[in-house]
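Following: one structure in structure tokens, then a few remarks.
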Amino acid sequence: MRPNAAVGAATATLLALLLAGCTPPAPDPGPSPTAAPSPPAAEPTPAAPLDCDGIVPTGLVADALQGGAPEPVEPVVATQPLSFELFPAMLLEGLGGLDCSWRVGSGMPEYNDPSDWAYLRLAVLPDAASEWVPLATYEGMPSTLTRRIGGIDASFEGGDLGLTYSAPVGDDWVLLSLRAAGLTAEGGRFRGVDGGDELDRLDAVAEAAYSTVAAAAPDEPGPPRVELRRLDRPAVCRGGLAAPGLLMASGASDAEVVVSEPTGPPDSFAAAIAQRARLFTCSVSDGVTDLETVRTARGFGGVIDDFTRPDLEVGFSPIAFADVPDGAGPVVGYVENDVSPRYGGDAVLAIGDSLYWIRGLHPEAIARAIVAQTY
């Protein structure tokens, strides 16, 4: 599932043709006759709730995911098991935002596996337009690529990892991404599809979504689903995150556990979500490299239930915990299937109302250590 360490350079042809028309001034109509009183204005129609079923027409989703398949496709609602998007999606759901994902094909067992899988993700972070920043390139610099869509300039970035649009829409921050096997390489669902045609299809999805978001009621998508927990200031690593268990599970003899929190203005969509969720990180560090990182969001544990669909188990395997005492709160864990001895992997863990994202060389061992130290 993990992208190659050396990601290919961005490859997409951008089209930016704007047509402007001029209209001659209307002639002076002269004095107007006395008009009859106008009927009372009709009450405005309430905006429809903002949800995944109505944010964009299903046909546009299907067009964007069609690729080179000769027969029509029928997208299904899906969990996208790409770890760096999965965890922010969970947090966004808990914050009352909107995170929609559709799939065609057979799912994503590993990111680089030859397959016909493709996922379209559309996410809305409410009241975050003022925090919006352009997408980052693969070199970490702000992208200078844009697309003019429905009167909105969307930041754009494309490459082997997929195609992504990001834009401030009304009061909200909207992210649209397409992920697929071999999107810019030979093979996969999009082999032989002209890049400009695919961008036009994504433009249609973005324009429909932007229009829906801009017309939504001010309190849509909705209030937070979770009650944000008051955290210690500064945050500390204790309880399930205490240093002894994390260090033992990591197998690092000369290391320490370091706590950190997001600071300063967010530099990405995921960072903006992390700040709102009051995320904090406990890292096992050797002073140069973070060997293991545990990102924790208090209050978000129950959100994991919405993501335990078959798609998640394509890329992740459930973890069985034998040391959870009777009467304890719910414990749910998943570990990435393709954990690498060299690059490590990811795990997601929910204990009671706390949600954890574990990344490193020993994600399952760290998850078990957190459970053991919690109980």
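The values are calculated or read from the model by the stated rules, or taken from the named source; none is laboratory data. Not measured: the values here are computed from a predicted model. Neighbour counts run over all protein chains shown; Cβ positions are idealised from the backbone, glycine included. All accessible areas refer to the heavy atoms of the entire protein, side chains included, with ligands and DNA or RNA removed. Shrake-Rupley method; radii C 1.70, N 1.55, O 1.52, S 1.80 Å.
Among the residues of segment 345-375, the ones that are closer than 16 Å to A249 by Cα, open to solvent by 20 Å² or more (accessible area, probe 1.4 Å) and either of a type in the set (D, E, K, R) or in contact with a Phe, Trp or Tyr (Cβ under 7 Å, 6 or more places away or on another chain) (or both) come to 4 in all.
For segment 214-227, check the following and say yes or no: at least one residue is in contact with a Gly (Cβ under 7 Å, 6 or more places away or on another chain), modelled with pLDDT under 95, open to solvent by 30 Å² or more (accessible area, probe 1.4 Å) and charged (D, E, K, R). Yes. Among the residues of segment 138-160, those identified as farther than 26 Å from A215 by Cα and either touching a strand residue (DSSP E or B) at 6+ places or on another chain (Cβ under 8 Å) or open to solvent by less than 10 Å² (accessible area, probe 1.4 Å) (or both) are Y138, P142, S143, L145, E157, G158, G159.
If you filter segment 161-178 down to residues that are out of contact with any helix residue (DSSP H, G or I) (no Cβ under 8 Å at 6 or more places or on another chain) and open to solvent by 10 Å² or more (accessible area, probe 1.4 Å), you find that the one that is modelled with the lowest pLDDT is L161. Determine whether T263 is within 18 Å of A365 (Cβ to Cβ), at pLDDT below 95, hydroxyl-bearing (S, T, Y) and open to solvent by 60 Å² or more (accessible area, probe 1.4 Å). No, not satisfied. Summed over segment 348-375, the residues that are part of a strand (DSSP E or B) and either among the charged types (D, E, K, R) or over 22 Å from L231 (Cβ atoms) (or both) give a count of 2.
Looking at segment 61-83, can you tell me whether even one residue there is outside any loop (DSSP other than H, G, I, E, B), modelled with pLDDT under 90, surrounded by 10 or more Cβ atoms within 10 Å (Cβ to Cβ) and on the phi < 0 side of the Ramachandran plot? The answer is yes; a qualifying residue exists. Filtering segment 311-344 to residues that are surrounded by 18 or more Cβ atoms within 10 Å (Cβ to Cβ) and acidic (D, E) leaves D311, E336.
Selection of segment 349-371 for residues being farther than 14 Å from F87 by Cβ and β-branched (V, I, T) yields I351, I366, I370, V371. In this structure, S115 does not satisfy being open to solvent by 20 Å² or more (accessible area, probe 1.4 Å), hydroxyl-bearing (S, T, Y), assigned to a loop (DSSP other than H, G, I, E, B) and more than 22 Å from D194 (Cβ to Cβ).
Scanning segment 354-371 for residues that are charged (D, E, K, R) and either at positive phi or over 21 Å from the mean Cα position of the chain (by Cα) (or both) gives E364, R368.
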